[in-house]
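A short write-up of the structure that comes next.
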Amino acid sequence: MSGQTNDNVILFPKTVEFYQFELTRLLEAERYGEAMKLLRFLLACQSDDERAREEWRSLLDWLQVMFPDLALGQEGESEELSEADLLRQHLHAKGEQNGDYAKRLLASLREQRAVDKQLLALDQLAFLEDETIDEELIGWLKEDAGRHPLIQFKTLQTLKKRGATGSVTLYKNGEAAVVDIEDTPAAFDQFPSQIQEIINRVQEISETQHPALSYFASETWNEFLAFIYGTSAYRQKLRQDPACVDVWAAALHLTLLEQVFEGGDKAELFEMYGITSDLVFQWEQAYRMMQQFAANVFTRKL
């Protein structure tokens, strides 16, 4: 996704399915600039799925015609308004035209059980001007102790973007987690540096060993952080020893190889990440947590 040639990157069938899911998610959220960037990346990779490639080419051509400013912005990075600004303007206009648009989104959030649809509603609620939204979202979070961890975190991000403050108790992964809305990272690059070092390490290794894994690593790591945010596991990660960066990176790398690609060699990864016998127990704990996460998240994608 860095703009370099990807003609040596091969997309396996399950990999194509994952990317198709991501494209759908971006388009539903009206994040057209990101969708164009992803399509360019995909078309620069190798794939035996000619039908998918033709769909990607057609979709990219259509997006570039429909959103020329975003297309130019992706290439020259000279756009005056960010996608967030454009989305805010678009939703403000919708709210002006339809006075109960916020109420309809909140109702959809309560009635809809599909995680992807709930994420889409929250993406829009972040930019709507309605003073009742904050109270409704906080109440909605407290109503259901079994709400999906990804939805819980996205709701916190939505409240943070809206300027809300205060503490909320979440029930996730078998424990009660008290979190402050104002401390929630509004974007994944706002997580503490010791957290970001883990994904940087995976991308560093995957660039030479598994080039197609880099995009998956970033997306999956972001979702994993949402999955554990506020829990004792997350707090432990903030206090972790520097050696644990390689432990978590190796656990994430193997999980991705198993879930999205054709499987992985644990011994090979141990060698690449320097996982010695002293770190094996910590790696097993990290890997077990990654497997718990994968069982909850990957089943909705593949």
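The values are calculated or read from the model by the stated rules, or taken from the named source; none is laboratory data. As the structure is a prediction and not an experimental result, all values here were calculated from the model. Note that we place each Cβ from the backbone using ideal geometry, even for glycine, and neighbour counts take in every protein chain shown. What goes into the accessible areas is simple: the full protein's heavy atoms, side chains included, and nothing from ligands, DNA or RNA. Shrake-Rupley method; radii C 1.70, N 1.55, O 1.52, S 1.80 Å.
Once both labels are positioned 7 Å from their Cα atoms along Cα-to-Cβ, the gap between R235 and Q292 label points is 1.5 nm.
Take each peptide in 233-244, 196-207, count the other Cβ atoms within 10 Å of every residue, and average; sorted highest first, the result is 196-207, 233-244. Computed over protein heavy atoms with a 1.4 Å probe, the carbon and sulfur contribution to the accessible area of the range 248-302 reaches 48%. The H on the amide N of K172, modeled in the peptide plane, is under 5 Å from the matching H of A177, each at least 5 residues off or on a different chain. Scalar couplings 3J(HN,Hα) for the range 254-267, obtained by applying the Karplus form with A = 6.51, B = -1.76, C = 1.60 to θ = phi - 60°, are 5, 4, 5, 4, 6, 8, 10, 10, 9, x, x, 9, 4, 4 Hz; x denotes Gly and Pro. Estimated from the Cβ-Cβ distance and a Förster radius of 35 angstrom, the FRET efficiency linking R51 and N200 is about 0.50. The average projected area of the range 116-272, computed from the convex hull of its Cα atoms over all directions, is 10.0 nm².
Here the range 98-218 exposes an accessible surface that is 43 percent carbon and sulfur, computed with a 1.4 Å probe and the other protein chains kept in place.
Taking Rh as the Kirkwood radius, which is the inverse of the mean 1/r over Cα pairs, what is the Rg/Rh value for the range 103-178?
Rounded to two decimals, Rg/Rh equals 0.93.
Shown here: the range 155-243, whose C-alpha atoms stretch 44, 28, 22 Å along the first, second and third principal axes, sorted largest to smallest.
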